[in-house]
Ligand code: NB4
Ligand code: NI
């Protein structure tokens, strides 16, 4: 299972490296990686397991963060209607997005960043995405709210981008043009 010691932190070059497309059918290692990343999120959100193994809670985890350059990430979170979203996205793409943006009023954090970096992180409010499941099935989803924000945070990791790259250094809480704070749309 993935523990905090397996999650690389700022300064590690893999966090600034573009991940490579995954070839199908997946190798046993790729399958195991996909399984383990989703398992980490489920454990981290379970009070008992997170306590027992000292896990920082997460709703998303990208392969770069466990020092792998495979183009995949896991998401495990509820959407605005309380529906559970739980999947591993392989070779994910954003195929279209809204002009309107959104941001978490409390800013973002990252399991690979052991410090708090205040500021708004502008994200597309609504996105249409495509990705493959571990079985090679293509999925197309329309996401908004927290799932849309989390998907973009994870896709950034696969492109070597960190959330704070998007924060307005001069005015971290400056009004983001044509945007609304998440949860107030
Ligand atoms: C990724 C998120 C940062 C902003 C928003 C949130 C948590 C992360 C980072 C968008 C994506 C990890 C991956 C949470 C969390 C809400 C749901 C259910 C019950 C606790 C859990 C707490 F833990 N971010 N952590 N950070 N990242 N919400 N929740 N709750 O997930 O670095 O690249 O269990
Ligand atoms: Ni992150």
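What follows draws every value from the coordinates through simple rules; no lab data is involved. None of these values were measured; they are calculated from a predicted model. Note that each Cβ is placed from the backbone with ideal geometry, even for glycine, and that neighbours are counted across all protein chains shown.
Observations on the structure shown:
- Per-peptide packing, taken as the mean over residues of other Cβ atoms within 10 Å, places 82-93, 34-45, 6-17 in the sequence 34-45, 82-93, 6-17 from highest down.
- Antiparallel content of DSSP bridges confined to the chain, in %, to 5: 85
- Mean separation of Cα contacts under 8 Å (6+ apart) over length of the chain, as relative contact order %: 24
- Sorted by Cβ neighbour density within 10 Å, fewest at the top, the residues 163, 73: 163, 73
- Rule-of-thumb Rg ratio for segment 1-139 [Cα; 2.2 N^0.38 Å; N residues]: 1.08
- In this simple spin-label model, placing a label point 7 Å from the Cα along the Cα-to-Cβ direction at both residue 78 and residue 142 gives a separation of 2.3 nm.
- Most mobile of 54, 107, 160 in a GNM of the chain (Cα contacts under 10 Å): 54
- The Cα atoms of segment 98-185 give a gyration tensor whose axes a ≥ b ≥ c have a/c of 1.5 or more with a/b no greater than b/c, which makes the shape oblate.
- Between segment 93-145 and segment 1-63, the C-alpha centres lie 17 angstrom from each other.
- Mean Cβ neighbour count within 10 Å, used as a protection proxy, ranking 165-178, 119-132 highest first: 119-132, 165-178
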